[in-house]
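The values are calculated or read from the model by the stated rules, or taken from the named source; none is laboratory data. As the structure is a prediction and not an experimental result, all values here were calculated from the model. Cβ placement follows ideal geometry from the backbone for every residue including glycine, while neighbour counts extend to all protein chains displayed. Heavy atoms of the whole protein, side chains included, go into the accessibility calculation; ligands, DNA and RNA do not. Shrake-Rupley method; radii C 1.70, N 1.55, O 1.52, S 1.80 Å.
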Amino acid sequence: QVQLVESGGGLVQAGDSLRLSCAASGRPFSMYAVAWFRQAPGKEREFIETITRSGSNTMYADSVKGRFTISRDNAKNTVYLQMNSLKPEDTAVYYCTARLWSYSSFSEDYPYWGQGTQVTVSS
């Protein structure tokens, strides 16, 4: 089992950048593919980006293409989400999630979730 804790959220203006972190503890982090999802008020949870166990491959949603980048440092048991050119529609609670072995863009495939971190982008 793995425990996940997100950090780095906050209130920013449109066009600004933020970097979210997801710190993991428990079983060896390199066993897990990791993804970021987000959920805005009144909306369904949305896939953002995912990364393989080694970090060699990623998959992202069209809505964040060219603006968000996922990365990981297995030595630090941490995954990052670099968010650039933020827009008001990026406002949401951002969740880090993990699953053993292969990555996926479907939330139902992920058994382990963090508590979420709020990102608010003002216009």
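Observations on the model:
- Some residue of segment 66-80 being in contact with a Ser or Thr (Cβ under 6 Å, 6 or more places away or on another chain) and over 21 Å from Val121 (Cβ atoms): yes
- Of the strands (runs of 3 or more DSSP E) lying entirely inside segment 1-54, those carrying at least 3 residues that are over 21 Å from Ala92 (Cβ atoms) are 18-26.
- Hey, Thr69 open to solvent by 60 Å² or more (accessible area, probe 1.4 Å), assigned to a strand (DSSP E or B) and not aromatic (Phe, Trp, Tyr) or not: yes
- The single condition from (1) touching a helix residue (DSSP H, G or I) at 6+ places or on another chain (Cβ under 8 Å); (2) at pLDDT below 95; (3) polar (S, T, N, Q) that Thr97 fails is (2).
- Top-ranked residue of segment 113-123 - restricted to ones that are in contact with a Ser or Thr (Cβ under 9 Å, 6 or more places away or on another chain) and open to solvent by 50 Å² or more (accessible area, probe 1.4 Å), ranked as nearest to Thr78 (Cα to Cα): Trp113
- Going through (1) in contact with a Lys or Arg (Cβ under 6 Å, 6 or more places away or on another chain); (2) polar (S, T, N, Q); (3) under 23 Å from Gln1 (Cα atoms) one by one, Asn84 falls short only on (3).
- Among the residues making up segment 1-14, a single one is more than 17 Å from Arg38 (Cβ to Cβ) and open to solvent by less than 50 Å² (accessible area, probe 1.4 Å): Val2.
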